[in-house]
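The values are calculated or read from the model by the stated rules, or taken from the named source; none is laboratory data. This structure is a prediction, so every number in the text was calculated from the model and none was measured. Using ideal geometry, Cβ is built from the backbone for each residue, glycine included, and neighbour counts are taken over all protein chains shown.
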Amino acid sequence: MDVIGDVIGFIGLGHMGNPMVQRLLKAGKTVLVYDVVQQSVDALTHQGAKFASISSIAEKAEVVITSLQTGDQVSEVCLSKDGLFSHANKGLLFIDCSSIDITTTRALHRVAKKQNIAMLDAPVSGGVPGAEAGTLTFMVGGEKKYFDRALPLLSLIGKKIIHAGGEGNGQAAKMSNNMLLGISMIGVCEAFNLAEKLGLDAKTFFEISSSASGQCWSMTSYCPVPNVIDHVPANHEYEPGFMAKMMLKDLRLAHHAAESVDALTPLGSIATELYELYVNQGNGEKDFSGMINLIASKE
């Protein structure tokens, strides 16, 4: 099965899954969907998606995409009695877009290979705005021949699709990237807070720093200060976006992965502690850029 067909399965219809499915529907694909939250299913069946059980999706779809929150959830979907792997049709291409731990991902790759299932781990970057706009970046781990099969389909959802290497390398790229993002956002928040306390207007500081050596994505594309740039969660009371609890999850994944290979990540560890504090204050479902409120509250 060298050409991606028109029947796509999609499991996990949350903040990221919903807009990804919408883009597949707009591209004319038949999308079979499943989620444990009925409201999430209804939101997409009203737009033309078709509900199906996991086993039915595995039997009918040529490609199945998962977008879930934890490794345990992905394992349950894949390995349970009524799961994907036990009902997979011949030639199934399975693409996991969840951000989960490398150990689970590589274990699933091993099982998939034994059962002649083509598997890719393909976590994404770009958040909800990227999913809605079709500008996501996919970091894809797995065999190159499977990547080549998936590329036309992923190009309907994302703008940049990169083959990161072998099994699990997509997850390695995602957790490393998100550790950097978490660290850089804290730095931007600290800089804005310092500038304000020194009497510098936020928009003036943005105009300077966004064109100077402090420039970074967290500054210019996702500014944590309200009403400095358009279309960011800061302008809407930090409604996500990318939830702080998900950033914390990714930072923890990076921390555990770093420990497993004796990699030194001191700033990653500090970022994890700060996001734990922010989430424990009841901000888990706020956008991660709301970290500026924690930083600004510290005298």
Here the residues within the range 273-299 that are in contact (Cβ under 8 Å) with a residue 40 or more places away in the chain and within 13 Å of M179 (Cα to Cα) are L274, Y275, F288
Considering (1) out of contact with any Phe, Trp or Tyr (no Cβ under 6 Å at 6 or more places or on another chain); (2) outside the structural domain of A254 (by TED's automatic domain parsing); (3) closer than 22 Å to G12 by Cβ, say which one L120 fails and leave the rest. (1)
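Could you say which residue among A88, A43, A52 is touching a Lys or Arg at 6+ places or on another chain (Cβ under 8 Å), among the small types (G, A, S) and not assigned by TED's automatic domain parsing to the domain that holds K249?
Values: A88 fails: touching a Lys or Arg at 6+ places or on another chain (Cβ under 8 Å); A43 fails: touching a Lys or Arg at 6+ places or on another chain (Cβ under 8 Å).
That would be A52, the only listed residue that is touching a Lys or Arg at 6+ places or on another chain (Cβ under 8 Å), among the small types (G, A, S) and not assigned by TED's automatic domain parsing to the domain that holds K249.
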Please go through the range 117-174 and pick out each residue that is buried (at least 24 other Cβ atoms within 10 Å of the Cβ) and basic (K, R). K174
Of the residues A150, A195, A131, only one is touching a helix residue (DSSP H, G or I) at 6+ places or on another chain (Cβ under 7 Å), part of a helix (DSSP H, G or I) and not assigned by TED's automatic domain parsing to the domain that holds K245; which? A131
Could you tell me which residue of the range 198-232 is surrounded by the most Cβ atoms within 10 Å (Cβ to Cβ), considering only residues that are among the polar types (S, T, N, Q) and in a loop (DSSP other than H, G, I, E, B)? S210
